[in-house]
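K.L.:
My questions will all concern the structure given below.
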Amino acid sequence: MPDSIDLTQKQYIVLVQCHIVKERCPGYLCEKAFHERTGGFSQYPKDKAYRMLSMTCGGCCGRAVHRKLTQFLRTIAKKEGITKEQIVVQLSSCITNDNYHAPPCPHLDYIRTVIARIGLDVRDASVVSATSEKRRREGRYHS
Ligand code: SF4
Ligand code: SF4
């Protein structure tokens, strides 16, 4: 699917992950998907070196995303002159996708709205397994 966000213009990826899930998950499969440019990262050019940090949503209802991202924007602008136009937020699959463990985050629309109000581009998904893709095609998963 074509991407409306020009990822060649981005320098920095902020990966936001589910706070509850991250109490157990180290996030390795997200990192691997980014490294291999698969799943939600497949549209990022392989030959471009992006910087990336990961943070959790801070717990339900995800409101801390606003504080964390505004603080990040202020600091990175001051330290390095990097602006919001050069940054993209990627929501992890445990937030956006129906999967074996759970349906998507019940606060997904709220989190997207908070990020949009800050003026940052936001994209969905990180790691996407072949099994989940198959179940999605079969209509067993809805996102
Ligand atoms: S998408 Fe998977 S690997 Fe990434 S934080 Fe969520 S559960 Fe962990
Ligand atoms: S708001 Fe969503 S993403 Fe954040 S902890 Fe709750 S369920 Fe997870």
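K.L.:
Evaluate the distance, in nm, between pseudo-label points positioned 7 Å from the Cα of Ser143 and of Leu53 along their respective Cα→Cβ axes.
P.N.:
2.6 nm
K.L.:
Quick query: amide H of Val122 versus all other amide H atoms, modeled in the peptide plane; which residues come in under 5 Å with a sequence gap of 5 or more or a different chain?
P.N.:
Val89
K.L.:
Another question, then. If you roll a 1.4 Å probe over the heavy atoms of the protein chains, what accessible area per residue do you get for the chain, in Å²?
P.N.:
Counting only protein heavy atoms, the per-residue value for the chain is 60 Å².
K.L.:
Once you treat every alpha carbon in the stretch 28-143 as an equal point and sum by Debye, what is log10 I(q)/I(0) at q = 0.16 Å⁻¹?
P.N.:
-0.82
K.L.:
Keeping the other protein chains in place, figure out the carbon and sulfur percent of the accessible area of the chain, with a 1.4 Å probe.
P.N.:
Numbers: 4500 of 8550 Å².
Looking at the chain in its full context, I get 53 percent from C and S.
K.L.:
Continuing with this model, one more query. Would you calculate the separation in nanometres between label points at Ile20 and Ala130, each defined as 7 Å from the Cα along the Cα-to-beta-carbon direction?
P.N.:
3.1 nm
K.L.:
Where does the longest stretch of the chain lie that holds no trypsin sites (Lys or Arg not before Pro) found in a DSSP loop with 15 or fewer other Cβ atoms within 10 Å?
P.N.:
Longest site-free region, per DSSP loop and neighbour criteria: 64-139.
The values are calculated or read from the model by the stated rules, or taken from the named source; none is laboratory data. No experiment lies behind these values; they were computed from the predicted model shown. No Cβ is skipped: glycine too gets one built from the backbone with ideal geometry, and neighbour counts run over all protein chains shown. All accessible areas refer to the heavy atoms of the entire protein, side chains included, with ligands and DNA or RNA removed. Shrake-Rupley method; radii C 1.70, N 1.55, O 1.52, S 1.80 Å.
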